[in-house]
Amino acid sequence: MKRFVLAFGNFFFRWRDTAFSLIFVAAFASAGVAVLNPDGQPGDFWTSIAGLVVAIFGQFVRGITIGYAYIKRGGLNKQIFAETLQRQGVFAHSRNPMYLGNLLLVTGAMITVNNIAFYAAALPLFYFIYYAIIKAEEEFLGKKFGPDYDQYKKEVPVLWPGNLGSWSETVKNMEFSFKRLIRKEHGSTFVIFAGLTLYNITKFHLRYEIPLQDFLALWIVLGALVLFQVTAAVLKRAGRLAEE
């Protein structure tokens, strides 16, 4: 079983973005059917709000992680890789804060989808994929860093942050880098939240026959996201987001 989990984790470490993109495409394809709640449009509205809150929290976790201490875990051909054992910033409280953020993002997206099939199949699959990826990374890091990583595992939780009372002590000599955050995250942030915005427009239009022109607020949000993405891309290309 362990060998299967490790092989599964190594495979999806490389292909996880593709797999999750296909899941999201499937969500769009079924946007008009199979709602879970019996309350119709009001229930769908509140699941969209709840999902958005969870997704924003997930993006916040990713944001503070990258802003304080970025770590590259992908090497050649997207294989598991690590140059150093990062223990700064959020990594002093969670061994996998980026994955925690990803879990929250996709959980929020699935809540928004409000589709029985996704609750029953896609969400458990997503959790298992990340469980396997984490196990594969632990195997790699344990072999590379040995006793240092074993000690790190004993002191720091695998996902949900621990010892948050010492957070101010953790970051007191660190500087939050908004430039690094925007440079690393602008693309994924745009794709995720523009996708959620478009999905909700599609969902309510197909399920309740609401005219597309009635989604003015969501079209404005989508326009703001496009503006953010274009601005960030221009600044990045011009070198304005480089570390000083």
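The values are calculated or read from the model by the stated rules, or taken from the named source; none is laboratory data. Because the structure is a prediction, the values reported are computed rather than measured. Neighbour counts run over all protein chains shown; Cβ positions are idealised from the backbone, glycine included.
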Practice task
Answer yes or no: is there a residue in region 167-178 that is free of Cβ contacts under 8 Å to residues at least 24 places away in the same chain and assigned to a helix (DSSP H, G or I).
Solution key: yes
Problem - Any chance THR202 is among the hydroxyl-bearing types (Ser, Thr, Tyr), out of contact with any helix residue (DSSP H, G or I) (no Cβ under 8 Å at 6 or more places or on another chain) and either surrounded by fewer than 16 Cβ atoms within 10 Å (Cβ to Cβ) or part of a helix (DSSP H, G or I) (or both) - result: no
Completion exercise
Those residues of region 203-235 that are under 22 Å from the mean Cα position of the chain (by Cα) and in contact (Cβ under 8 Å) with a residue 40 or more places away in the chain come to a total of 5
Handout entry: Residue pairs meeting the criteria (Cβ under 6 Å; at least 6 apart or on separate chains; first buried (at least 22 other Cβ atoms within 10 Å of the Cβ), in region 87-103; second charged (D, E, K, R) and at pLDDT 95 or above)
Key = GLY101/ARG62
Practice task
Taking GLU169 as meeting all but one of (1) surrounded by 13 or more Cβ atoms within 10 Å (Cβ to Cβ); (2) modelled with pLDDT under 95, write down the number of the exception.
Solution key: (1)
Completion exercise
Among the residues of region 69-89, the number that are assigned to a helix (DSSP H, G or I) and either modelled with pLDDT of 95 or more or farther than 18 Å from LYS172 by Cα (or both) is 3
